[in-house]
Amino acid sequence: MNILESLKHIFGGGKTEGGEAPLSAATAFERFREVLRCNNSALELIADLGEKLSGDYIFDRQYIYNTMEGLEKAVLQSVHALNALCNNKYQILYSTYDRLTTRLDTVMENREDRDGVPVINIADTSRSHYIILGGKNAHLSQMLHELRLKIPEGFILTTRAYHDLIDHNGLREALNAFETAMEAPECTVEALEPLRHSLEQGILNAQPPDGLLSAIADQLKAIKGIFGEDLRLAIRSSAQEEDMNFSFAGQFRTILNVSPAPTAVFKAYLQVVASLFSPKALRYRLRVFPGEGHMSIAVGCYRMVESSASGVIYTVDPADPAGDAMIIVSTWGQGEAIVEGRVPVDTFRVQKKPPYTLLTQSIARKNTGLYPKQEGELGELDIPSELQDQPSLTPSQLERLAAYAMQIEIYYKRPQDIEWAIDHNGDIYILQARHLVIPATAGPKGSLADALKKYELIVSDSGSVAQQGIGAGHVHIVNTISDLNEFPEGAVLVSKRDSSNFIRVMHKTAAIVTEIGTPVSHMATLCREFQVPCLVNVTDILSKVSDGMEITVDAEDRRIYKGRVAELLAFKTATDLNISATKEFRLLKRLLDNVSSLKLVDPLMDEFTPEACETYHDLLRFIHEKAVAQMVEMGKDERRLLKDYRAVPLDLPIPTGILLIDLGGGIDPKAAGDRITFASVTSEPLKAILEGMLFPGVWHTRAADVSFGDLITSIVNVPTDALAGQYSGHNIAIISKGYLNLSLRFGYHFNIIDAYCSDMTRDNHIYFRFLGGATDITKRSRRARMIAIILEAFGFNVASKGDIVTGRSGNMPKSEIIRTLNILGRIVGFTRQLDVQMDSDAQVDRYVEAFLMGDYEIIGRH
Amino acid sequence: MSDQTIKLLVIDDEPIVGKRLKQAFMKMGMEVETFTDPREAMNTIKQKSFDIVVTDLKMEGMDGMTILEEVQKLNPKAKVIIITGYAQVDTASEAFRKGVFDFIPKPFRLEELKNVILRAMSGALSESNKNI
C-alpha cells in the first residue's frame, strides 16, 4: 500500500500546513487524546511482545506474526492521529514509518544480514551494525565502545560481504538447497555431504566480489599507517550466533599471523568462511540449532598483538560456580596454545571483588611458548631459562585483568570466558569474550529450595518482574539523577521510581529494584535490552534496605534476600536463564531490537528528530512529545481562547489572576456564579498545582527589595516572547478532569505548565517552562539555575539556557504526577520574586537547600 | 524427605519448553526430567514412576493424547497436564473425558502452569494422606 496516497485520501489533500485555521482547544484536546489512545494500543502490543521476552512465557511463531501485523497497523494509526492534531505538519513521519516497517519485514524474512556495508572498521561500528558483524565481533564492538576496553585494531568483513561472495560466485542455488536440507528434522551430516562439499570447495576457490579487495586495501592502509608495514593479522570467524548465546568454541577456523596484503587477507577470509561448512561445524549446528538452515558468517581481521603474555579468564570457577573466585590462566607469548592445551600454563585464583585478592596460584615451568613465525602461523620457541619458573603475570597485571573481567561479566550479566593478551608496553587487550557455558550440575534433590530457607527474606512475592534474572550486589540508593554519578561497579540500584536515565549505569548494574513503576515503562524495556534483572513496584523497599547493604534479587520468584545467596548465584550460573535457544525466541528478540529499544530518550536533546528514530518505540515517543508540544503552545493564543470560550476567574486567597477555560470535567458543575473557588476545581492537575501554591509559607507576600538597578532593568527588559505578542497580561488555565495547560505571567517572567494525568501511567506527562524575570540576566539566570536544580532533584529531565528552563517528566502513575505538580506549585510560588535576591552564586545553593528542606519561610527572613 | 520429592516429566518437541520448565521446577525443589522425543519419554515412563507428566499435544511420533492414555495405564495415580499451541475445544473436552488433569493453551505464563502443578501436587498429597 502506498502510504502517501492513502493519506491524501484521508486528509483530503491539497491543504498545506499553516493554511488552515488552528483547531479549537476542545478539538485539539480531543485529538490529543486520540494520539494517546493510538499510541497506547501500539505500546500495549510492544509491551506484550516485550513481556514474552522477559522469560516468563512460552509462545509460538504464529503469535509473533499476528502481533506484528497488529502492531504495524497500530503505529500507522498513531502517525495519522498526530497529523490530525497538528494540521498535517508531520507528513515526514510517513516515510519514517515506511523505513522502519520495511526493516521489520526484512527481519521477519530473516534477511537482515544481507543489508549494510560489506567492510567496516571496528572503530566505526555501533549497535545497528551488530546483526552484520556476527556475534564475536559484536561483542568486541561492545567492549570497545560501551566498556571502553582496549581491543586490537581491525576491520570486519560483514555478513553482507558473505552474501555478496555467495552471489558473485554463483553459489546461491547450492546454498539455498543446503539450507533447506538442514531444516529437515532428521538431517544428518552424512546426508549433507555432497552439498556441503561443493559449497566448501566453491568458497575456497571463490573470486572476490567487485570492490571487496580495494575495500580491504583501504582498511589495511589505515592500520599500516599507524602500526607500520610489519604488522600481522589474525583472521577470526564471527558467525551470526557465535559467542552470543552459544560458544561455538573451536568450531570455525582462525588464521593467525597473516600478512597485511589484500590477497593474503582474502585467501585467509575464504578459509574461515569455508569452515562454516566443515563437518565439525555442521555437527555442532545440527545439535544446537536443530531444524535451522540459515546461518551467515562475518570475519574479523585484527592486528595481532605482540604479546609478552596471554591467556584466558573464566569469571567463575566451573568446579565451584557458587564461589567468589575467578580463574586466570596465563603463559608467555601467544595464548592460542592454551585452549588447545599445548603449553604449560600458570593458574591463578583471584577473588571476584576489589581488591581482587590472589587466593591461590600454581606456577608451571614454562619451557616453551608460541610465537609468530616469519612465514606465517605460529611456532613453538624455547623460553629463556630465567623466565621459565617466573609467574607470567605480575600482581598488578592480575589485578587489572580481574577488574576488566568483572566489568565484562557485570555488563553481560553472565559468567564469561575471556581471551586476553598483554603487549610489551604492558597494555591489556581483550581478544574475545563469550558466555562461559557451565553444565547444569544438578545437585542433590531439592537442594536449592532447602538451601534458600536459611537466608533472610527482605521481600517475598512483592512487585512485578520487568526483566527476569538473578543479581546480587551492594545496594546503591538513587534519589536524584546525580546519584548515578558515583554508581559502583556491580551494585544493585534501588530507587523510589524508575527512570530511563538509569540506562547510564545499566552496564554496571547487577539488578534494579524500584518502589513504583511498571513492567511496561521505558526503563523496563531498557532492562530487557541490557538483561538487567529488574523488579518494579516493590512496596516500601526503600525502608527495608540501606545504602551499602548486600542483597540478592531473584527477579523470577519475586524475592529479595539479605546477603549474597551463593546457591542462587550458582543456580544462575549453571542453568541457562537466557532462554534464547529457540527460533521463535531469537526472531522475537531481533524484532524487538527493531521495535522496542529507545534511542530518543531525552526530548530536550537536539537529536530528537524523525530522522533519528530507529524503532517504532522511538517513533511513538516522538509522536507523544510532538503532541504534548502542540498542546503546550495552545495557551499562547490567548485572544482566540478568550473569544472562543467563556473564561471564568478563579477565586483564591492569593492573587493569581487565573482565568479558567473548562474543556470538560475541570469544574464542579454545581459551582455557580462568576467566580470559581478552589473547592469547585475538579481538574486534578490544577488542584494539585494550586495546593502547592497555597501551601503555608510558599506564597510569600513580602515586597521584594528591588534595587534601583533592578528597577531599570525591569523597565528596559522585555522578554522576546512578549514582543512576539503571544502573551498579554492574563493567566489562563485550560483544564479538564485530567488535563491542565497553565500559562502564568507574574511580573516579568512566564511560566507554562502542561500536564496530563490518568490511570494509564505512560500517558501521563508534565511539561514545565520558565523564562524571564525583572532583574538583569545574571540574576535571572541564577534563578533559572536554581529552578533547574530543584526540578532535577524531583526527577525532571531539564534543559536550561540563560534564563530559560525547560523540564520534562512523565510516564509515572497518577499519584506521582499529582505529587510532582504540587511541588511545581510550590516552585512557582517560592521562586516568584526570587531573582531579585540572586546577587551571588551562593544564593542559588542557599535557596535550593531551603526549598528542598521545605523551609519556604527563608524568603521572609532575608 | 526425599520420598516427598515430586517427580515431574516434561515432553515437548521444542527444547525451549523442557529447558524452561526444568529450570523453574527444579528451583521449586522438584525432580525434573525432560524429553523432546515422546517415544524416548515413554520408555522412561515404563521404567520409572512420575507424579506429574506435562506433555505437548502435537508431536512427531506420538501425540499427547496417546501419552495420556499410556500413562494412565501404567500409573493411574500420575496427573497429566497437556500444553498445546493448537487449542481446540473438542480436543480439550476429549482430553478431559480421558482424565487429563488440565489443558493449557500456548502461549502461557509460567505462573499458570506452576499453579496447575501446585494444584495437582496438593491433590496428590491429600489423596496419599487419606490412604494413611
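Set side by side, the residues A:LEU600, A:LEU620 differ, and just one is under 23 Å from A:GLY807 (Cβ atoms) and modelled with pLDDT under 85, which is A:LEU600.
Determine if the stretch A:179-190 includes at least one residue that is touching a Phe, Trp or Tyr at 6+ places or on another chain (Cβ under 8 Å), part of a helix (DSSP H, G or I) and open to solvent by less than 50 Å² (accessible area, probe 1.4 Å).
Residues of the stretch A:179-190 touching a Phe, Trp or Tyr at 6+ places or on another chain (Cβ under 8 Å): none.
No, the stretch A:179-190 contains no residue that is touching a Phe, Trp or Tyr at 6+ places or on another chain (Cβ under 8 Å), part of a helix (DSSP H, G or I) and open to solvent by less than 50 Å² (accessible area, probe 1.4 Å).
Only residues that are open to solvent by 50 Å² or more (accessible area, probe 1.4 Å), at pLDDT below 80 and either within 21 Å of A:LYS643 (Cα to Cα) or assigned to a loop (DSSP other than H, G, I, E, B) (or both) were counted across the stretch A:8-54, and they come to 10.
Taking the conditions exactly as written (under 30 Å from A:ALA451 (Cβ atoms), out of contact with any helix residue (DSSP H, G or I) (no Cβ under 6 Å at 6 or more places or on another chain) and open to solvent by 60 Å² or more (accessible area, probe 1.4 Å)), does B:LYS77 satisfy them or not? Before the answer, list the steps.
Working: under 30 Å from A:ALA451 (Cβ atoms): yes; out of contact with any helix residue (DSSP H, G or I) (no Cβ under 6 Å at 6 or more places or on another chain): yes; open to solvent by 60 Å² or more (accessible area, probe 1.4 Å): yes.
Yes, satisfied.
Just one of the numbered conditions (1) open to solvent by 30 Å² or more (accessible area, probe 1.4 Å); (2) within 20 Å of B:GLU111 (Cβ to Cβ) is not true of B:LYS46: (2). A:VAL538 meets the conditions (1) surrounded by 21 or more Cβ atoms within 10 Å (Cβ to Cβ); (2) hydrophobic (A, V, I, L, M, F, W, C); (3) closer than 19 Å to A:PHE487 by Cα in every case but one. The failed one is (3).
For the stretch A:55-95: of the residues being on the phi < 0 side of the Ramachandran plot and part of a loop (DSSP other than H, G, I, E, B), which is farthest from the other protein chains (Cβ to nearest Cβ)?
First, pick out the residues of the stretch A:55-95 that are on the phi < 0 side of the Ramachandran plot: A:56-86, A:89-95.
Those left that are additionally part of a loop (DSSP other than H, G, I, E, B): A:59-60, A:86, A:89-91.
Working: A:PHE59: 3, A:ASP60: 5, A:CYS86: 38, A:LYS89: 40, A:TYR90: 35, A:GLN91: 38 Å.
Going through the qualifying residues, I end up with A:LYS89.
Restricting A:LEU381, A:LEU387, A:LEU370, A:LEU401 to those that are of a type in the set (A, V, I, L, M) and closer than 27 Å to A:ASP320 by Cβ reduces the list to A:LEU401.
Please enumerate the residues belonging to the stretch A:113-125 that are surrounded by 20 or more Cβ atoms within 10 Å (Cβ to Cβ) and part of a helix (DSSP H, G or I). Break it down stepwise before answering.
As a first pass, look at the stretch A:113-125 and keep what is surrounded by 20 or more Cβ atoms within 10 Å (Cβ to Cβ): A:113, A:118, A:120, A:122, A:125.
Within the stretch A:113-125, A:ASP113, A:ILE122 qualify.
Can you tell me which residue among A:ARG528, A:ARG559 is out of contact with any Pro (no Cβ under 6 Å at 6 or more places or on another chain), basic (Lys, Arg), within 14 Å of another protein chain (Cβ to nearest Cβ) and on the phi < 0 side of the Ramachandran plot? The conditions single out A:ARG559.
Annotation: of all residues in the stretch A:440-459 being modelled with pLDDT under 75 and out of contact with any Gly (no Cβ under 9 Å at 6 or more places or on another chain), the one that is farthest from the other protein chains (Cβ to nearest Cβ) is A:THR441.
Sort through A:LEU398, A:LEU431, A:LEU387, A:LEU393 and tell me the only one that's touching a Leu at 6+ places or on another chain (Cβ under 9 Å) and either part of a helix (DSSP H, G or I) or open to solvent by 40 Å² or more (accessible area, probe 1.4 Å) (or both). Talk me through it step by step, then tell me what you get.
Values: A:LEU431 fails: either part of a helix (DSSP H, G or I) or open to solvent by 40 Å² or more (accessible area, probe 1.4 Å) (or both); A:LEU387 fails: touching a Leu at 6+ places or on another chain (Cβ under 9 Å); A:LEU393 fails: either part of a helix (DSSP H, G or I) or open to solvent by 40 Å² or more (accessible area, probe 1.4 Å) (or both).
So the residue among A:LEU398, A:LEU431, A:LEU387, A:LEU393 that is touching a Leu at 6+ places or on another chain (Cβ under 9 Å) and either part of a helix (DSSP H, G or I) or open to solvent by 40 Å² or more (accessible area, probe 1.4 Å) (or both) is A:LEU398.
Would it be correct to say that A:ILE151 is open to solvent by less than 40 Å² (accessible area, probe 1.4 Å), touching a Leu at 6+ places or on another chain (Cβ under 8 Å) and farther than 22 Å from A:SER214 by Cβ? Criteria met by A:ILE151.
Only one entry in A:LEU231, A:LEU212, A:LEU199 is surrounded by 15 or more Cβ atoms within 10 Å (Cβ to Cβ), modelled with pLDDT under 95 and either closer than 22 Å to A:TYR302 by Cβ or out of contact with any strand residue (DSSP E or B) (no Cβ under 7 Å at 6 or more places or on another chain) (or both), namely A:LEU231.
Pick out the one residue from B:GLU70, B:GLU40, B:GLU60 that is open to solvent by 10 Å² or more (accessible area, probe 1.4 Å), within 14 Å of chain A (Cβ to nearest Cβ) and of a type outside the set (Gly, Ala, Ser).
Going through B:GLU70, B:GLU40, B:GLU60 in turn, just one is open to solvent by 10 Å² or more (accessible area, probe 1.4 Å), within 14 Å of chain A (Cβ to nearest Cβ) and of a type outside the set (Gly, Ala, Ser): B:GLU60.
Of the strands (runs of 3 or more DSSP E) lying entirely inside the stretch A:441-552, those containing at least 2 residues that are out of contact with any His (no Cβ under 8 Å at 6 or more places or on another chain) are A:457-460, A:464-467, A:469-478, A:509-514, A:534-536. Set side by side, the residues A:ASP651, A:ASP662, A:ASP644, A:ASP602 differ, and just one is free of Cβ contacts under 8 Å to residues at least 40 places away in the same chain and acidic (Asp, Glu), which is A:ASP651. For A:GLU614, the conditions (1) surrounded by fewer than 18 Cβ atoms within 10 Å (Cβ to Cβ); (2) at pLDDT 85 or above; (3) not hydrophobic (A, V, I, L, M, F, W, C) are fulfilled apart from (1).
Of the residues making up the stretch A:260-294, just one is buried (at least 21 other Cβ atoms within 10 Å of the Cβ) and part of a loop (DSSP other than H, G, I, E, B), namely A:PRO260. Count of the stretch B:80-101 residues, restricted to those that are without any contact (Cβ under 8 Å) to a residue 60 or more places away in the chain, out of contact with any Gly (no Cβ under 6 Å at 6 or more places or on another chain) and open to solvent by less than 30 Å² (accessible area, probe 1.4 Å), is 7.
Name every residue in the stretch B:73-116 that is in a helix (DSSP H, G or I) and either within 14 Å of chain A (Cβ to nearest Cβ) or hydroxyl-bearing (Ser, Thr, Tyr) (or both), in order of residue number. Within the stretch B:73-116, B:THR91, B:SER93, B:LEU110, B:GLU111, B:GLU112, B:LEU113, B:LYS114, B:ASN115, B:VAL116 meet the criteria. Whenever a residue of the stretch B:1-30 is at the interface with another protein chain (Cβ under 7 Å from one of its Cβ atoms) and touching a residue at least 60 places away in the same chain (Cβ under 8 Å), its partners that are of a type in the set (D, E, K, R) and buried (at least 21 other Cβ atoms within 10 Å of the Cβ), lying with C-beta atoms within less than 9 angstrom and at least six residues away or across chains, give the pairs B:VAL17/B:ASP56.
One residue stands out in the stretch A:71-93 among those that are over 23 Å from A:VAL632 (Cβ atoms) and within 25 Å of the chain's Cα centre (by Cα): the one that is surrounded by the fewest Cβ atoms within 10 Å (Cβ to Cβ), namely A:GLU72.
Evaluate the stretch A:310-324: report whether one residue or more is within 14 Å of chain B (Cβ to nearest Cβ) and either open to solvent by 20 Å² or more (accessible area, probe 1.4 Å) or modelled with pLDDT under 90 (or both). Outline the logic, then answer.
From the stretch A:310-324, those within 14 Å of chain B (Cβ to nearest Cβ) are none; that's our starting set.
Within the stretch A:310-324 (the criterion being within 14 Å of chain B (Cβ to nearest Cβ) and either open to solvent by 20 Å² or more (accessible area, probe 1.4 Å) or modelled with pLDDT under 90 (or both)), the answer is no, since none of the residues qualifies.
Within the stretch A:762-805, if we keep just the residues that are assigned to a strand (DSSP E or B) and among the small types (Gly, Ala, Ser), the residue that is least open to solvent (accessible area, probe 1.4 Å) turns out to be A:GLY772.
The values are calculated or read from the model by the stated rules, or taken from the named source; none is laboratory data. Note that the structure is a prediction, hence the values are computed from the model and not measured. Ideal geometry is used to build each Cβ from the backbone, glycine not excepted, and the neighbour counts take in all protein chains shown. We work out accessible area using only protein heavy atoms, side chains counted, and drop any ligands, DNA or RNA first. Shrake-Rupley method; radii C 1.70, N 1.55, O 1.52, S 1.80 Å.
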